[in-house]
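Visitor: Got a structure for you, questions after.
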Amino acid sequence: QVHLVESGGGLVQAGGSLRLSCAASGATFSIDAMGWYRQAPGKQRELVATITSGGSTNYAHSVTGRFTISRDNAKNTVYLQMNSLKPEDTAVYYCNVNCWDSLVYWGQGTQVTVSS
C-alpha cells in the first residue's frame, strides 16, 4: 500500500505562485506514474498534470505554460509548481499515483484558493 501526504496549498492572489508537494511512503517501489488532479466546487475531478517514472510529462491545456510537474524519485515526492495563478485555478488539488500492479492511490487533497 502507498500513503500520500500533500502540502503547499493556501490562499494566493491572482498572478501569484504556489508549490504543491506530495510525499509517498509505504510500497513506493511499486510506483509508476505520479500526478495531480483538481476538483472545483460543483465540478468533476480533472487531470492537471502527470509524470511517468521516466520523466515524461503531460498537462491539461488550461495549465500548460503556467504549471510544471516534477518528481524526486529518491525522496518519493512529486511537485507541482504553479505560476500565474488565476481564480479559475481555485480547487482542491489531489495527488495521484499509479502503480505497476495497476493499483491507484490518492492523497487527501489540499485546498488552493486564488483571489481576484
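FYI, it's all coordinate maths here, none of it is from the lab. No experiment lies behind these values; they were computed from the predicted model shown. When we count neighbours, we look across all protein chains shown, and the Cβ atoms used for this are built from the backbone with ideal geometry, even at glycine.
Visitor: Given the C-alpha atoms of region 32-93, compute the convex hull and give its volume per residue in Å³.
Guide: It is 82 Å³ per residue.
Visitor: How many angstrom lie between the Cα centre of region 1-56 and the Cα centre of region 82-103?
Guide: Each part reduced to its Cα centre gives a spacing of 4 Å.
Visitor: Which of the cysteines found in the chain have nothing to pair with, since no other Cys Cβ lies under 4.7 Å from theirs?
Guide: 99
Visitor: Running a GNM on the chain with Cα contacts under 10 Å, which residue among 80, 103, 18 ends up with the highest mean-square fluctuation?
Guide: Per the Cα network of the chain with a 10 Å cutoff, 103 tops the list.
Visitor: I'd like the trypsin sites (Lys or Arg not before Pro) in region 17-116 restricted to DSSP loop residues with at most 13 other Cβ atoms within 10 Å, sorted by number.
Guide: Those satisfying the criteria are 43, 75.
Visitor: A further question on this structure: Any chance you could list the semi-axes, whole Å, largest first, of the equivalent ellipsoid that the Cα gyration tensor gives for the chain, using √(5λ)?
Guide: Semi-axes (√(5λ), whole Å): 24, 14, 13.
Visitor: Pairs of Cα atoms under 8 Å, at least six residues apart: use those to get the relative contact order of the chain, whole percent.
Guide: 36 percent.
Visitor: How much length is gained if the chain between residue 11 and residue 60 is pulled fully straight, taking 0.36 nm per residue apart and subtracting their Cα-Cα distance, in nm to one decimal?
Guide: 15.4 nm
Visitor: For region 32-116, run through the chymotrypsin sites (Phe, Trp or Tyr not before Pro) and keep only the ones in DSSP coil with at most 16 other Cβ atoms within 10 Å of their Cβ.
Guide: Here the chymotrypsin sites (Phe, Trp or Tyr not before Pro) that fit, given the DSSP loop and packing criteria, are 100.
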